[in-house]
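These notes are about the structure you will find just below.
The values are calculated or read from the model by the stated rules, or taken from the named source; none is laboratory data. Here the structure is a predicted model, which means the values were calculated and not measured. Every residue, glycine among them, receives a Cβ derived from its backbone with ideal geometry; neighbour counts consider all protein chains shown.
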Amino acid sequence: MPRKIRILLADDHAVVRKGFRLILNQEPDMEVIAEAGTGREAVRLALELRPDVIVLDIAMPEINGVETTRRILEGRPECQILILSMHKDPVYVRESLRAGAKGYLVKESIDDDLLRAVRAVASGNGFLSPEVSRTVLEDYQQTTDPFDSLTAREREVLQLLADGKVAKEIATALDVSVFTVDAHRGRIMKKLGLRSSTELVKFAMRKGLTQ
């Protein structure tokens, strides 16, 4: 018997995960091996269990789907990641693919395309919802992005700043000093060419780091 596709589900809504699990486990070639409710949990389970495919919501708590993708692939580059999103905006698609995701599925087309998408990425192929494929072809990786120059820690600080956290809260969350947070913030602003907190938040929103 052929080996089943081992799947990790990552979505912050338990009801949604339950529905996906029922759909996927009904397929003879698929098996959901674990579920995650946060981005941080998804990273931990991916590194520990080594699933073939990770079905990952882009809007995850603690660490968003784009950054979760980066962290998983740094430790498990063999994993294939399928991003789920309610957004058709090319920014979300582009950032997901730049992070290393193999597929991007718009949630409104899940009923028709979920199984096809999982099988495609499990085989190492890409999959894009028809609603976003043309946009991606037009603008994906056309320009150099300064966001790519940020370190993993700087991206984490950027997200926390964009979420409205102050330096003391970020220092506590990351177990570093306030001085270190301020230093990260300064490097982020310099690398991205930003001059104010307002510009920082707008940049993070364009990148899909915050809603």
Scanning region 69-81 for residues that are more than 23 Å from ARG21 (Cβ to Cβ) and part of a helix (DSSP H, G or I), the one farthest from the chain's Cα centre (by Cα) turns out to be GLY75
Residue, surrounded by the most Cβ atoms within 10 Å (Cβ to Cβ), within region 95-114, restricted to residues that are small (Gly, Ala, Ser) and under 11 Å from SER129 (Cβ atoms): GLY103
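Yes/no matrix, rows are residues, columns are (1) touching a helix residue (DSSP H, G or I) at 6+ places or on another chain (Cβ under 8 Å); (2) assigned to a helix (DSSP H, G or I); (3) aliphatic (A, V, I, L, M); (4) free of Cβ contacts under 8 Å to residues at least 12 places away in the same chain:
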residue	(1), (2), (3), (4)
GLU48	no, yes, no, yes
LEU56	yes, no, yes, no
ALA59	yes, no, yes, no
GLU62	yes, no, no, no
ILE83	yes, no, yes, no
SER96	yes, yes, no, no
TYR104	yes, no, no, no
ILE110	no, yes, yes, no
ALA117	no, yes, yes, no
Can you find a residue that is over 30 Å from ASP112 (Cα atoms) and either buried (at least 16 other Cβ atoms within 10 Å of the Cβ) or at pLDDT 85 or above (or both) anywhere in region 137-148? yes
Being assigned to a loop (DSSP other than H, G, I, E, B) and surrounded by 15 or more Cβ atoms within 10 Å (Cβ to Cβ) is the filter here, so list the residues in region 8-26 that pass it. ASP11, ASP12
Taking the residues in region 16-46 that are closer than 16 Å to ILE110 by Cα and in contact (Cβ under 8 Å) with a residue 60 or more places away in the chain as candidates, determine which candidate is nearest to the chain's Cα centre (by Cα). PHE20
Taking VAL66 as meeting all but one of (1) within 10 Å of the chain's Cα centre (by Cα); (2) outside any helix (DSSP H, G or I), write down the number of the exception. (2)
